[in-house]
Amino acid sequence: MGVDIDTHKVDLLSDGRAPFFEPELEELLARNVDAGRLTFSENFSAIEGAQVHFISVGTPQSESGAADMSYVNVAVDSMLPHLGRCTAGPEVVAGKSTVPVGTASRLAQTIERAGALLVWNPEFLREGFAVQDTLRPDRMVYGLPDDPGTAARAKEVMDAVYERILATGTPRLVMDYATAELVKISANAFLATKISFINAMSQVCDAAGANVTALAEAIGMDERIGSRFLRAGIGFGGGCLPKDLRGLEQRAAELGADGLASFLDRVDAINRGQRDHVTRMALDALGPDPAGRAVTILGVTFKPDSDDLRDSPVLEVALRLRDAGAVVTVHDPRGLAGLSRHHPDLRAQPDALRALEGAELVILGTEWKELTDLDPAAAAARAARPVLIDARNALVPSRWTAAGWDYRGIGRH
């Protein structure tokens, strides 16, 4: 049983349709709705009698940079009158939302008074891989109550929920509430740090005439470092990494961990600076007067295999170029519906090659496979001026220069 207060969302889900794009999700959703294993409601009374309740609401960034806890608080308050009705065994509320450290201990007593136990069970879902990460996670984390007896009962229930997943050998990590809350947010902050590090190194490569792609390949072979998240480019965006980075920074400052707070602030600043850098590259390519110049953006979602435009780095660049007077055309395999709703002044073109017609500057903003696989010669035949900024360092430069393109990457020479 899924509960949500958004009527439109509940109606879509009840019909087996996902309200957003995620590979494999709609098929999984429809199959389980059709089989009667999955139902949806707007009424919190529908949770009565269930043994496990997952809190999976969002915690968006507030104006202060901290996580906005209002959705979590409302969800818990709405659940409380309906808890304590399970007759099958201990009743558990499992928190999956990404929250500031200290949240679980604040909520635990209230939930226990209502007749349930609280477990903090963070999610580690990547957009574009969420189904895979749910069914085949790389670890399972339980944040449990301090009391050993209470913790054992809660752990037993969660083990039953995840029995099939644990049976495949997925590691299960048991810890206190505070540590479990920190796992997700610190993991995202660390990944953000790797991205900002290689982007900072791309600036050194630009200044020194080095190649950041070759640099990343070499240092990534060190098993202590690894190659993932070491691709220089326009930087990270989306609804998780920026929010979690700033949320941890804010909470660290509140707890007096000023060294971490200032470190994370610098990571964030480097990331935001990459958008400035790509904007400057685009304006330099357009010349002294960008007004009326035709710019094509290939890929506008914050990452491939998603329709998510939240904090999309290339969308910000597109809007800046529009404000500078350029005529901006955008192609994206999944993001155009949201783009047309929120930014109708950007021209949306569902066909990639048609989007290139008359372009005086092309920017690869999202590394969708269908975009990185484009034929450079066919693309050049459509453009008025074959100048390309590879803002993701996702293309093979020699393929594009051989087709006549003026290729410009990030920290690549």
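Tabulated results
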read-out: Counted residues, the stretch 104-126 - those being under 18 Å from residue 2 (Cα atoms) and either surrounded by fewer than 19 Cβ atoms within 10 Å (Cβ to Cβ) or of a type in the set (Val, Ile, Thr) (or both); value: 1
read-out: Residues of the stretch 22-76 satisfying the condition of being in contact (Cβ under 8 Å) with a residue 60 or more places away in the chain, assigned to a loop (DSSP other than H, G, I, E, B) and over 19 Å from the mean Cα position of the chain (by Cα); value: 51, 64
read-out: Hits in the stretch 101-125 (condition: closer than 30 Å to residue 23 by Cβ and either over 30 Å from the mean Cα position of the chain (by Cα) or not in a loop (DSSP other than H, G, I, E, B) (or both)); value: 119, 120
read-out: From 36, 65, residue being modelled with pLDDT under 95 and either open to solvent by less than 70 Å² (accessible area, probe 1.4 Å) or touching a strand residue (DSSP E or B) at 6+ places or on another chain (Cβ under 6 Å) (or both); value: 65
read-out: Any chance residue 57 is touching a helix residue (DSSP H, G or I) at 6+ places or on another chain (Cβ under 6 Å) and open to solvent by 40 Å² or more (accessible area, probe 1.4 Å); value: yes
read-out: Residue among 364, 315, 339, 319 that alone is touching a helix residue (DSSP H, G or I) at 6+ places or on another chain (Cβ under 7 Å) and either under 21 Å from residue 286 (Cβ atoms) or not basic (Lys, Arg) (or both); value: 364
read-out: In the stretch 143-160, the residues that are crowded, with 16+ Cβ neighbours inside 10 Å, more than 20 Å from residue 132 (Cα to Cα) and hydrophobic (A, V, I, L, M, F, W, C); value: 144, 151, 154, 157
read-out: Filter pass, residue 375 being within 23 Å of residue 290 (Cα to Cα) and acidic (Asp, Glu); value: no
read-out: Counted residues, the stretch 317-337 - those being within 25 Å of residue 65 (Cα to Cα), buried (at least 17 other Cβ atoms within 10 Å of the Cβ) and free of Cβ contacts under 8 Å to residues at least 60 places away in the same chain; value: 2
read-out: Number of positions in the stretch 239-263 that are among the small types (Gly, Ala, Ser) and in a helix (DSSP H, G or I); value: 6
read-out: Flag if residue 356 is touching a Leu at 6+ places or on another chain (Cβ under 6 Å) and open to solvent by less than 10 Å² (accessible area, probe 1.4 Å); value: no
read-out: Selected residue (only one of 133, 138 is in a loop (DSSP other than H, G, I, E, B) and modelled with pLDDT of 95 or more); value: 138
read-out: In the stretch 317-327, the residues that are out of contact with any Ser or Thr (no Cβ under 8 Å at 6 or more places or on another chain) and within 20 Å of residue 277 (Cβ to Cβ); value: 318, 319, 322, 323, 324, 326
read-out: The lone exception for residue 366 - which of (1) farther than 27 Å from residue 273 by Cα; (2) buried (at least 19 other Cβ atoms within 10 Å of the Cβ); (3) among the polar types (S, T, N, Q) it fails; value: (1)
read-out: Test: residue 408 is open to solvent by 10 Å² or more (accessible area, probe 1.4 Å), in contact with a strand residue (DSSP E or B) (Cβ under 7 Å, 6 or more places away or on another chain) and either charged (D, E, K, R) or touching a residue at least 12 places away in the same chain (Cβ under 8 Å) (or both); value: yes
read-out: Unmet criterion (only one of (1) in contact with a helix residue (DSSP H, G or I) (Cβ under 9 Å, 6 or more places away or on another chain); (2) open to solvent by less than 40 Å² (accessible area, probe 1.4 Å)) for residue 42; value: (2)
read-out: Complete set of residues in the stretch 283-298 that are open to solvent by 10 Å² or more (accessible area, probe 1.4 Å) and either among the acidic types (Asp, Glu) or in a helix (DSSP H, G or I) (or both); value: 283, 284, 289
read-out: Residue among 74, 101 that is open to solvent by less than 40 Å² (accessible area, probe 1.4 Å) and among the β-branched types (Val, Ile, Thr); value: 101
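Okay, residues lined up against (1) open to solvent by less than 20 Å² (accessible area, probe 1.4 Å); (2) part of a helix (DSSP H, G or I):
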site: 265; (1), (2): no, yes
site: 281; (1), (2): no, yes
site: 300; (1), (2): yes, no
site: 310; (1), (2): no, no
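The values are calculated or read from the model by the stated rules, or taken from the named source; none is laboratory data. Small disclaimer: the values here were computed from a predicted structure and weren't measured. Counting neighbours? That spans all protein chains shown, and the Cβs are built from the backbone with ideal geometry, glycine included. Protein only, heavy atoms only, side chains kept; ligands, DNA and RNA dropped before computing areas. Shrake-Rupley method; radii C 1.70, N 1.55, O 1.52, S 1.80 Å.
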